[in-house]
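Engineer: Submitted below is the structure of interest, expressed as structure tokens.
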Amino acid sequence: MGMTMTQKILAAHAGLEQVTAGQLIEADLDLVLGNDITSPVAIKEMDKIKSQGVFDKDKIALVPDHFVPNKDIKSAEHCKCVREFAYRNEITNYFEVGEMGIEHALLPEKGLTVAGDVIIGADSHTCTYGALGAFSTGVGSTDMAAGMATGKAWFKVPSAIRFNLTGKLSPWVSGKDVILHIIGMIGVDGALYKSMEFVGDGIRNLTMDDRFTIANMAIEAGGKNGIFPVDELAIAYMKEHSTKTYTIYEADADAEYDEEYTIDLGALRPTIAFPHLPENTKTIDEVNAMKEPVKIDQVVIGSCTNGRIDDLRCAAKVLEGKHVAKGMRCIILPATQHIYMQAMDEGLLKIFIEAGAVVSTPTCGPCLGGYMGILAAGERCVSTTNRNFVGRMGHVDSEVYLASPAVAAASAITGQISCPEE
Amino acid sequence: MKANGSVFKYGDNVDTDVIIPARYLNSSDPAELATHCMEDIDKAFIKNVKKGDIIVATRNFGCGSSREHAPIAIKAAGVSCVIAETFARIFYRNAINIGLPIIECPEAAKGIDAGDDVEIDFDSGVITDKTKGTTFQGQPFPPFMQKIIAAEGLINYINQ
């Protein structure tokens, strides 16, 4: 029986010719990732392991990005714990404030994630690297600790859902709309325990940043990973960013899939996920047809989902020469220092500031209600982030609407959910 | 190994943000995390939960972030087991890894109500609702998972 792309990568890393869905395997890891929230718990667990030390100081990435620059004393203690662990173990890829970025934007940019890798990260959005043809998945702190110590992790081999993407996105429609559409279609547990494998000739029309966004939110459908085939664009990206050897795996022609969907990219519309689940999606046309406009207080453009340069360029195109609505707080967070610099060189930051937005250092802060844009009771935010659960960005009575950078920027100008088309 | 306690009942998609809101993730101390457990979905939970009590929920329990703080907070609050129709996969791994027993059993998740007195036999997977006098067959843990839970987590198990 044929294997899916994910199964082939896992088989190769488990030293097996063949794996099948449901099989328990132990796989070698190419990279183990943690941040300032999850690493301290992992480090505490690692201290309990009798054989001290890490399996490979070059294959661990520690990225304090959630509550940095330190938001309070307790966060500072967590970051200190991570920093001291990194120094003690001579971790090559520890990224301090000033060189850090949001982990899932930073690691591909630094060339640490390439096609064919098996990567675990103590952060649920670790699935992002599937955009480059890697198997990557989120785990907890204990798995991270065991991974750092042994270089291995156990997995239940997943079955897969295949998404056949055809055609080309319309103007103002992006990768975010593709993944929100899919989550709206299959639900927040529609891909539970499974791989989401994206195929089809529509992929060549998606930028790398679109693909990162799509793979990033596989977890929001319950998926174990999201993965794209490795094409010329992905190879060019890896050649530009990485010196690591990559391996291209392709699904067998006779691989089995639990379900298959075909999605015409050209038919997709700007899509917004209403509170309090990413599956509560409406197209912009459905929003416009609502009796009352959805008035908002804040817009956040950033995060591991949508803080990349394409996202900022799109937001700038919308905001150029305009001003955010009176009373609107528009917070823009370039995801890495490099993206920040690019945005500066391209004049995007000037556009944002002139439009009345603020531009922040890279941080996950507002996405998870940590800091840098917390919502009060009754407030509404259109956000390019990935979750709109109850209390996600602040008070339990606040509301988060997930959208693309285009919709978020347009909404900042009008003060209600809007599309640049208007 | 058995668990016995009173049930707290929840619905679909109980996410890790309501189990332990991120505003408290500047701590990793289990006892401190426990004081905020379920705060954004059920403010009364932490006041009323007693050692041994059981959480029962329907689909996709623990969806969202990878924060191990979620099962840690539940365990430190005294909960002896979580029963659900399905669990989100990272939460499932994390619960096993820290030694918090969890059981997938759609029939029990639907048939048990808040406040019921429930007993669980981990060796056989049998769940008994003593209030209603009903029993359900959950999946018993495979032996290696039982050992991890008995050792109070993966790391202790590795050390053994």
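Engineer: In deg cm²/dmol, rounded to 500, what helix-only [θ] at 222 nm does chain A give when every DSSP H run of at least 4 residues adds -39500 (n - 2.57) and the total is split over its residues? Walk me through the numbers before you get to the answer.
Structural biologist: Values: 14 runs with 130 residues, N = 422.
After summing the helix terms and dividing by residue count, I get -9000 deg cm²/dmol.
Engineer: Okay, next question. Can you classify segment A:217-263 as rounded, prolate or oblate using the Cα gyration tensor, where a ≥ b ≥ c are the square roots of its eigenvalues, rounded means a/c under 1.5, and otherwise it's prolate if a/b beats b/c and oblate if not?
Structural biologist: Details: a/c = 2.39, a/b = 1.64, b/c = 1.46.
Prolate shape, in that a/c is at least 1.5 and a/b is the bigger ratio.
Engineer: Is the shape of segment A:23-143 best called rounded, prolate or oblate, per the rule: a/c under 1.5 gives rounded, else a/b larger than b/c gives prolate, else oblate, with a ≥ b ≥ c the square roots of the Cα gyration tensor eigenvalues? Mind dumping the intermediate values first?
Structural biologist: Working: a/c = 1.72, a/b = 1.23, b/c = 1.39.
It is oblate, given that a/c is not under 1.5 and a/b is not larger than b/c.
Engineer: For a footprinting-style exposure proxy, rank B:Met38, A:Met185, A:Met372 by other Cβ within 10 Å, fewest first.
Structural biologist: Working: B:Met38 25, A:Met185 14, A:Met372 19.
With the fewest neighbours first, B:Met38, A:Met185, A:Met372 line up as A:Met185, A:Met372, B:Met38.
Engineer: Compute the separation of the alpha-carbon centres of segment B:68-134 and segment A:45-112 and state it in Å as a whole number.
Structural biologist: Centre-to-centre distance over Cα atoms comes out at 33 Å.
Engineer: For labels at A:Lys350 and B:Asp121 in the simple 7 Å Cα→Cβ model, what's the distance in nm?
Structural biologist: About 7.6 nm separates the two model spin labels.
Engineer: Something else now. Can you give the charge dipole size of segment A:75-133 about its Cα centre, rounded to the nearest 20 debye, using +1 on the beta carbon of Lys and Arg and -1 on the beta carbon of Asp and Glu?
Structural biologist: Numbers: 4 positive and 9 negative charges, 11 e Å.
Here the size comes out at about 60 debye.
Engineer: Calculate how large, on average over all directions, the projected area of the Cα convex hull of segment B:1-129 is; give the answer in nm² to one decimal. Intermediate values should be presented prior to the final figure.
Structural biologist: Values: hull surface 26.5 nm².
The Cα convex hull of segment B:1-129, projected and averaged over all directions, gives 6.6 nm².
Engineer: Taking neighbour Cβ counts within 10 Å as the exposure measure, how do A:Asp310, A:Asp56, A:Asp117 sort from fewest upward?
Structural biologist: Values: A:Asp310 18, A:Asp56 14, A:Asp117 23.
Taking fewest neighbouring Cβ atoms as first place, the list is A:Asp56, A:Asp310, A:Asp117.
Engineer: Of all trypsin sites (Lys or Arg not before Pro) in segment B:10-101, which ones are in loop regions per DSSP and have a Cβ with at most 15 other Cβ atoms within 10 Å? Please list the in-between numbers first.
Structural biologist: Numbers: sites: B:Arg23, B:Lys43, B:Lys47, B:Lys50, B:Lys51, B:Arg59, B:Arg67, B:Lys75, B:Arg89, B:Arg93; in loops: B:Lys43, B:Lys50, B:Lys51, B:Arg59, B:Arg67.
Those satisfying the criteria are B:Lys43, B:Lys50, B:Lys51.
Engineer: Provide the net charge surrounding A:Val294, with neighbours chosen by a C-beta distance below 13 Å and charges set as Lys +1, Arg +1, Asp -1, Glu -1.
Structural biologist: Values: positive: A:Lys282, A:Lys291, A:Lys295, A:Arg380; negative: A:Glu286, A:Glu292, A:Asp297, A:Glu379, A:Glu399.
Combined, the nearby Lys, Arg, Asp and Glu give -1.
Engineer: So if each residue of separation counts as 0.36 nm, and I subtract the Cα-Cα distance between A:Asn164 and A:Met185, what length gain in nm does that give? Kindly include the intermediate steps, with their values, before the conclusion.
Structural biologist: On the way: separation 21, 0.36 × 21 = 7.56 nm, distance 1.41 nm.
6.1 nm is the gain from fully extending A:Asn164 to A:Met185.
Engineer: Which percent, to the nearest 5, of DSSP beta bridges fully inside segment A:285-422 are antiparallel? Don't jump to the answer; show the numbers that get you there.
Structural biologist: Details: 1 of 15 bridges.
Expressed as a percentage, antiparallel bridges in segment A:285-422 total about 5.
Engineer: Just checking the output field for A:32-45: average partner chain Cβ neighbours within 10 Å of each residue's Cβ? Don't skip to the answer; put the middle values down first.
Structural biologist: Working: counts 0, 0, 1, 1, 2, 9, 7, 1, 3, 8, 3, 1, 2, 8.
Mean inter-chain Cβ contacts per residue within 10 Å come to 3.
Engineer: Still on this structure, please answer the following. Go ahead and run the numbers for FRET between A:Tyr87 and B:Asn156, Cβ-Cβ distance against an R0 of 25 Å, rounding to 0.05. Show your work: numbers first, answer last.
Structural biologist: Numbers: r = 27 Å, r/R0 = 1.10.
Efficiency for this residue pair is about 0.35.
Engineer: So if I place +1 on the C-beta of Lys and Arg and -1 on the C-beta of Asp and Glu, and nothing else carries charge, what would the dipole magnitude of segment A:235-320 be about its Cα centre? I want it in debye, nearest 20. Walk me through the numbers before you get to the answer.
Structural biologist: On the way: 9 positive and 17 negative charges, 159 e Å.
The dipole magnitude comes to about 760 debye.
Engineer: Then there's this: Between their Cα atoms, which of A:Lys8/A:Lys282; B:Lys47/B:Lys132; A:Lys50/B:Lys51; A:Lys110/A:Lys224 are more than 28 Å away from each other? Intermediate results must be reported in sequence, preceding the final value.
Structural biologist: Numbers: A:Lys8/A:Lys282 36 Å; B:Lys47/B:Lys132 25 Å; A:Lys50/B:Lys51 31 Å; A:Lys110/A:Lys224 24 Å.
Flagged as over cut-off: A:Lys8/A:Lys282; A:Lys50/B:Lys51.
Engineer: Would you mind telling me the antiparallel percentage of the DSSP bridges in the protein assembly as shown, rounded to 5? Please report the intermediate quantities before stating the final value.
Structural biologist: On the way: 24 of 78 bridges.
Bridges in the protein assembly as shown that DSSP calls antiparallel: roughly 30 percent.
Engineer: So how do A:Trp172, A:Trp154 line up by other beta-carbon neighbours within 10 Å, fewest first? Please list the in-between numbers first.
Structural biologist: Values: A:Trp172 20, A:Trp154 14.
Starting with the residue having the fewest Cβ neighbours, the order is A:Trp154, A:Trp172.
Engineer: Something else now. Quickly estimate the mean residue ellipticity at 222 nm for chain B, helices only: each DSSP H run with n ≥ 4 gives -39500 (n - 2.57), and the total goes over all residues, rounded to 500. Please list the in-between numbers first.
Structural biologist: Working: 8 runs with 51 residues, N = 160.
That comes out to -7500 deg cm²/dmol.
Engineer: Still on this model: In a solvent-free Debye calculation with one equal scatterer on each Cα, what is log10 I(q)/I(0) for segment A:65-217 at q = 0.09, 0.17 Å⁻¹, listed in the order of the q values?
Structural biologist: For segment A:65-217, the Cα-only Debye profile gives -0.35, -1.11.
Engineer: Also: Please say if the protein assembly as shown is rounded, prolate or oblate, where rounded means a/c under 1.5 for a ≥ b ≥ c the square roots of the C-alpha gyration tensor eigenvalues, and otherwise the choice is prolate for a/b larger than b/c and oblate otherwise?
Structural biologist: Details: a/c = 1.44, a/b = 1.28, b/c = 1.13.
Verdict is rounded for the protein assembly as shown.
Engineer: Which FRET efficiency value, to the nearest 0.05, do you get for A:Gln52 and A:Leu16 by plugging their Cβ-Cβ distance into 1/(1 + (r/R0)^6) with R0 = 45 Å?
Structural biologist: Working: r = 30 Å, r/R0 = 0.67.
Step by step, r from the Cβ atoms, then E = 0.90.
Engineer: Pick from B:Leu25, B:Leu100, B:Leu33: which is most flexible by mean-square fluctuation in a GNM of chain B where alpha carbon atoms under 10 Å apart are linked?
Structural biologist: Evaluated over chain B, the most mobile residue of the options is B:Leu25.
Engineer: Using 0.36 nm times the number of residues separating A:Gln23 and A:Lys322, minus their current alpha carbon distance, what extension gain do you get? Mind dumping the intermediate values first?
Structural biologist: On the way: separation 299, 0.36 × 299 = 107.64 nm, distance 5.54 nm.
Roughly 102.1 nm would be gained on extension.
Engineer: What do you get for trypsin sites (Lys or Arg not before Pro) in segment A:27-61 restricted to DSSP loop and a cutoff of at most 10 other Cβ within 10 Å of the site's Cβ?
Structural biologist: Values: sites: A:Lys44, A:Lys48, A:Lys50, A:Lys57, A:Lys59; in loops: A:Lys50, A:Lys57, A:Lys59.
Those satisfying the criteria are A:Lys50.
Engineer: Separation between the B:Lys147 and B:Glu107 pseudo-spin-labels, each 7 Å from Cα along Cα→Cβ, expressed in nm?
Structural biologist: 3.1 nm
Every number here is computed from the coordinates shown, using simple stated rules; none is lab data. Remember, it's a predicted structure, so these values are computed and weren't measured experimentally. All Cβ positions, glycine included, derive from the backbone under ideal geometry; neighbour counts span all protein chains shown.
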